[in-house]
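Asker: If you scroll down you'll find the structure; I have some questions about it.
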Amino acid sequence: MPTYSPADDISALIEQRTGLAARAQFGGDLDTLLETLAQGDLPAYLGKMRTARETDPVWQAVIKALTIGETYFMRDKAQFQTLRTHILPSLIAARRQQNLLELNIWSIGCASGEEPYSVAMTLHELIPDIAHWTIRLIGTDLNAAALNVARRGIYRKWAFRHTDIDFQNLYFDQATDGLQIKPFIREMVTFRHANLFAGSPLPQVDIILCRNVLLYFTYSQACQVELLLLDALTPGGWLLLGQSEAIRHNRDDWQTHFLPNMPIYQKPPSAAPRFAESVMVQSLALSPKAPTRSDLAVASATYEVAVRAIQNEDYDQAEQLIAELLITEPGSAPAHILMVCVFASRKQYAQAHKVIDTALRLDPLLADAHYLQALLFLEEEHLDEALKSLKAALYCQRNHPLASYTLGNLQAMSGDLPSSIRNWENARRAITMLMPDSPVSDISDITAGRLSALLATQLEG
């Protein structure tokens, strides 16, 4: 039986106040992280957090430790291409026809500001008379230090790794400690410290960018966020998510458009306002009857037998067992992931992707789902998507040995040896407590001893 830790109360408070799924993301490592921040006095730290605002240093230290703020200009070329060629031109044309020269755009989880600034640059390219427009472009984040970087607008070389010298010359001036965004772009963007659950900072938003934010949320909190975003958008407004994310509830409320390399979501033009509370009631009403204790015991035993069948490559038996399991536990994301292994073994990749999508709707923080998604992308020779999925797996479980090992291999192939070594060492640390003959995961037959030998070859060979 799990023992109580004061860190559990802090984790619950973090989820309540911010939606961040600290325990699900970090597991047992959360205790160590919080002990370090609290300097060994977790009860006192909890007391400070309960009375402080999210902008207080005690909260900011936690937020910084729990979130990953890595970003860069024009990140996700497919998404910006979609903005440049589809979404923005249609919006701009419609507003000109209405003689309403204004746009409202919200970048959620903007970190140090590269994303909203990239949007501002795109708008500047598309609207020659932009001086006559009212552009409300707001970036929000919980990390106050990152927002200060965004407001200053000075960036180092790493932020420009997907841009060329012409881009830098057009939009930046040389500064003593990097390149600074020119005033005509910097003045287009407003940055605010904001909790997503406080609602939209803008009325009738035309475009919401919410990339790799829902990955951090609990399932129930993410359900509420999705409806908050729907309510924030103007009818016909657009939502852009990260590649590893998807709208998980009330899909019928959205129009889904499948453009090259990505789906995007649109609020129907005639959509009426909806509220998170009503949706939560609806979700509860549609939930299946809770299984009994005996049902759960049988399901657990069936799951373990199915895992062994997967590891023994007996996929026919595994499929039968998983089908039985899903009758008892239709909402089991791990069971769906085992079915992905069955489809992948038969090279039925389209079916495998659909089941992964279902698993991620059930549990967006399931690292194994993102890892298997990466393997499917590698089989299909979609390297960029595979890298994104591996990073998503490590966002969800930073000590996932197979994701760390695979990402290290891909980085080594691209010549990024320092990063590959770091990931291989992470994989090695993740399996130190396992017996050599223990499988490192339910979805693989590779043992800790075998993976350790492979890592030794990479690190010492």
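Asker: Let me spell it out: the conditions are (1) within 19 Å of Ala194 (Cβ to Cβ); (2) at pLDDT 90 or above; (3) surrounded by fewer than 14 Cβ atoms within 10 Å (Cβ to Cβ), and Thr51 meets all of them except one. Which number is the exception?
Answerer: Condition (1) is where Thr51 drops out.
Yes/no matrix, rows are residues, columns are (1) closer than 22 Å to Ile310 by Cα; (2) buried (at least 19 other Cβ atoms within 10 Å of the Cβ); (3) out of contact with any helix residue (DSSP H, G or I) (no Cβ under 6 Å at 6 or more places or on another chain); (4) not charged (D, E, K, R):
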| residue | (1), (2), (3), (4) |
| --- | --- |
| Tyr371 | yes, yes, no, yes |
| Leu376 | yes, yes, no, yes |
| Pro401 | yes, yes, no, yes |
| Pro418 | no, no, yes, yes |
| Asp442 | yes, no, no, no |
| Ala456 | no, no, yes, yes |
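Asker: Hey, among the residues in the stretch 153-181 that are surrounded by 15 or more Cβ atoms within 10 Å (Cβ to Cβ) and without any contact (Cβ under 8 Å) to a residue 24 or more places away in the chain, which one's farthest from Glu102 (Cα to Cα)?
Answerer: Per the criteria, the residue is Gln168.
Asker: Testing Ser438 on (1) under 24 Å from the mean Cα position of the chain (by Cα); (2) small (Gly, Ala, Ser); (3) farther than 22 Å from Glu385 by Cα, one condition comes back false. Which one is that?
Answerer: It is condition (1) that Ser438 fails.
Asker: Tell me the residue from Gly449, Gly408 that is under 24 Å from the mean Cα position of the chain (by Cα) and not in a loop (DSSP other than H, G, I, E, B), please.
Answerer: The match here is Gly408.
Asker: While we're here: Of the conditions (1) surrounded by 18 or more Cβ atoms within 10 Å (Cβ to Cβ); (2) polar (S, T, N, Q); (3) over 23 Å from the mean Cα position of the chain (by Cα), Gln348 satisfies every one except a single condition; which number is it?
Answerer: In the conditions (1) surrounded by 18 or more Cβ atoms within 10 Å (Cβ to Cβ); (2) polar (S, T, N, Q); (3) over 23 Å from the mean Cα position of the chain (by Cα), Gln348 misses (1) alone.
Asker: What number goes with the only condition from (1) within 20 Å of the chain's Cα centre (by Cα); (2) exposed (fewer than 14 other Cβ atoms within 10 Å of the Cβ) that His132 does not pass?
Answerer: So His132 meets the others, but not (1).
Asker: Return the residues of the stretch 432-446 that are under 22 Å from Cys341 (Cα atoms) and either free of Cβ contacts under 8 Å to residues at least 60 places away in the same chain or in a loop (DSSP other than H, G, I, E, B) (or both); say none if nothing qualifies.
Answerer: Once the filter is applied, which keeps residues that are under 22 Å from Cys341 (Cα atoms) and either free of Cβ contacts under 8 Å to residues at least 60 places away in the same chain or in a loop (DSSP other than H, G, I, E, B) (or both), the stretch 432-446 yields Asp437, Ser438, Val440, Ser441, Asp442, Ile443, Ser444, Asp445, Ile446.
Asker: Let me ask you something else. Could you tell me whether any residue of the stretch 411-423 is free of Cβ contacts under 8 Å to residues at least 60 places away in the same chain, hydrophobic (A, V, I, L, M, F, W, C), in a helix (DSSP H, G or I) and under 29 Å from Leu20 (Cβ atoms)?
Answerer: no
Asker: Let me ask something additional. Any residue at all in the stretch 43-64 that is among the acidic types (Asp, Glu) and at negative phi?
Answerer: So far as the stretch 43-64 goes, yes, one or more of its residues are among the acidic types (Asp, Glu) and at negative phi.
Asker: Restricting the first residue to the stretch 11-34 and requiring it to be modelled with pLDDT of 85 or more, which pairs with a second residue that is among the charged types (D, E, K, R) and part of a helix (DSSP H, G or I) meet a Cβ separation below 7 Å and a spacing of at least six or different chains?
Answerer: From the stretch 11-34, the pairs are Ser11/Arg23; Leu13/Arg50.
Asker: Kindly list the number of the only condition in (1) within 17 Å of Arg361 (Cβ to Cβ); (2) part of a helix (DSSP H, G or I); (3) at pLDDT 60 or above; (4) of a type outside the set (D, E, K, R) that fails for Val279.
Answerer: Val279 satisfies every listed condition except (3).
Asker: Next up: Inside the stretch 97-120, can you point out the residues that are of a type outside the set (Ser, Thr, Tyr), touching a strand residue (DSSP E or B) at 6+ places or on another chain (Cβ under 9 Å) and assigned to a helix (DSSP H, G or I)?
Answerer: Across the stretch 97-120, the qualifying residues are Glu114, Glu115, Pro116, Val119, Ala120.
Residue-wise test of (1) in the same structural domain as Val225 (by TED's automatic domain parsing); (2) touching a helix residue (DSSP H, G or I) at 6+ places or on another chain (Cβ under 7 Å).
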{"position": "Leu20", "(1), (2)": "no, yes"}
{"position": "Asp41", "(1), (2)": "no, no"}
{"position": "Arg84", "(1), (2)": "yes, yes"}
{"position": "Leu88", "(1), (2)": "yes, yes"}
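Asker: Being small (Gly, Ala, Ser) and either part of a loop (DSSP other than H, G, I, E, B) or over 27 Å from Ala21 (Cα atoms) (or both) is true for just one of Ala65, Ala94, Ala145. Which residue is that?
Answerer: None of the others qualify; the one that does is Ala94.
Asker: Check Pro89 against each of (1) modelled with pLDDT of 85 or more; (2) surrounded by 19 or more Cβ atoms within 10 Å (Cβ to Cβ) and name the one condition it does not meet.
Answerer: Result: Pro89 fails condition (2) only.
Asker: Within the stretch 154-207, which strands (runs of 3 or more DSSP E) (wholly inside it) include 3 or more residues that are under 30 Å from Lys267 (Cα atoms)?
Answerer: 189-193
Asker: Could I ask something else about it? Those residues that are within 19 Å of Gln311 (Cα to Cα) and exposed (fewer than 15 other Cβ atoms within 10 Å of the Cβ), I need them from the stretch 420-440; list them, please.
Answerer: Hits for the stretch 420-440 are Met435, Pro436, Asp437, Ser438.
The values are calculated or read from the model by the stated rules, or taken from the named source; none is laboratory data. Predicted, not measured: the structure shown is a model, and the values here were computed from it. A quick note on method: Cβ atoms are made from the backbone with ideal geometry, for glycine too, and the neighbour counts reach across all protein chains shown.
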